[in-house]
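Report on one structure; see the data block that follows.
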Amino acid sequence: MDDAEFWDYIKSSENPHIIFICLGNICRSPYAEFKFKQLLSNSHIRKKDQITVSSAGFIYQDRIKIYYNTKKALMEEKINEKSINLHTPRVFSDYSTKKLENAALIVMSSEHRDLEMEERFRKKAILLSALATEGEEIDIPDPYMIDDYYEYKKILEKIKGYLLVIIKKMELLEI
C-alpha cells in the first residue's frame, strides 16, 4: 500500500480500521495505538468516531502486557493508567483474515513487514514513516533492549511526531 491508497481507504471506508503493528505489541505499536487514539479524540477530524484503532505484534508475548518504559511514556502523555493496564498484547495472526483485509495495516519496520507478513497483507501494509514523509520508508527501531529511558523515549517521540503529521493530514483532507 502506498500513502495514496491509505488515504483513499480512510476517506472511502464508512468505518475505517487502523492496526499499528510491531514485533511484540508491547512497545511501539501499543504506544502508537494509545497516542493515536488520544490525538484523534482531540482533533477536528469529522470521522473520528467512526475510526477504529488497534495494534498487534508478530510474536506472542505471555509475560509482559506492556513494557514499563512504554507505560511510563504513555502516562506522561496523560493516557489513563487503567486503560494502559488493560492492554493485552495481540498477535497479528489472531486477527481474522476478513478483519485484516478490511483494515489499514501500519508497520514500524520494513524487515518485519517483509519477513513476517503473508504477501497479500504485505501488499496492503505501509510503514508509519511513509505516511508522514510522503513515502520515505524509515524503520523505527525496537526500543525493547534500551534501558536508558531518555534513549527509549526518543524512539517513542519519533512515533509521536509521525502520528501528529498523520492527524494533521487527516484534518487537511477533511476526513
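Every number here is computed from the coordinates shown, using simple stated rules; none is lab data. Not measured: the values here are computed from a predicted model. Cβ coordinates were reconstructed from backbone atoms using ideal geometry, including for glycine residues, and neighbour counts include every protein chain displayed.
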(message) Would you report the distance distribution of C-alpha pairs in the chain as whole percents per 10 angstrom bin, up to the bin with the largest distance?
(response) 10, 42, 38, 10, 0
(request) Based on the mean of other Cβ atoms within 10 Å per residue, sort peptides 49-57, 71-79 so the most packed one is first. (result) 49-57, 71-79
(request) Using the structure shown, select from Lys48/Lys82; Lys99/Lys169; Lys11/Lys154; Lys47/Lys160; Lys82/Lys169 the pairs with a Cα to Cα distance greater than 27 angstrom. (result) Lys11/Lys154; Lys82/Lys169
(request) Kindly rank 87-95, 127-135, 10-18 from highest to lowest mean number of other beta carbons found within 10 Å of each residue. (result) 127-135, 87-95, 10-18
(request) Within the set of other residues whose C-beta is less than 13 Å from the C-beta of Asn15, count the net charge using Lys and Arg as +1 and Asp and Glu as -1. (result) +2
(request) Under 1.5 on a/c is rounded, so check that first for region 81-175, then, if it is not, pick prolate when a/b is larger than b/c and oblate when it is not; a ≥ b ≥ c are the square roots of the alpha carbon gyration tensor eigenvalues. (result) rounded
(request) With a point put 7 Å past each Cα toward its Cβ, work out how far Glu136 is from Glu81 in nm, to one decimal. (result) 3.9 nm
(request) Read phi for every residue in region 65-81 and hand back ³J(HN,Hα) as whole Hz from Karplus 6.51 cos²θ - 1.76 cosθ + 1.60, θ = phi - 60°, with x for Gly and Pro. (result) 7, 8, 5, 4, 6, 5, 4, 4, 5, 5, 5, 5, 8, 6, 7, 4, 4
(request) Please tell me the relative contact order of region 3-172 in percent, rounded to the nearest whole number, where contacts are Cα pairs under 8 Å and at least six residues apart. (result) 28 percent
(request) Would you mind working out the magnitude of the charge dipole of the chain relative to its Cα centre, with +1 at each Lys and Arg C-beta and -1 at each Asp and Glu C-beta, to the nearest 20 Debye? (result) 720 debye
(message) With just the Cα atoms defining each centre, how far is region 16-58 from region 73-103? Give it in Å.
(response) 7 Å
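Quick one: which of 104-111, 153-160 comes out on top by average Cβ neighbours within 10 Å, and what's the full order, highest first?
The densest-packed peptide leads the list: 104-111, 153-160.
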(message) Nearest 500 deg cm²/dmol is fine: what mean residue ellipticity at 222 nm does the chain get from its DSSP H runs of n ≥ 4 alone, each adding -39,500 (n - 2.57), divided by its residue count?
(response) -13500 deg cm²/dmol
(request) Mind listing the long-range amide H neighbours of Ala104? Cut-off is under 5 Å, sequence gap 5 or more, other chains count too, H placed in the peptide plane at 1.01 Å from N. (result) His17, Ile18, Ile19
(request) With r as the distance between the Cβ atoms of Asp148 and Asn102 and R0 = 35 Å, compute the FRET efficiency 1/(1 + (r/R0)^6) and round to 0.05. (result) 0.30
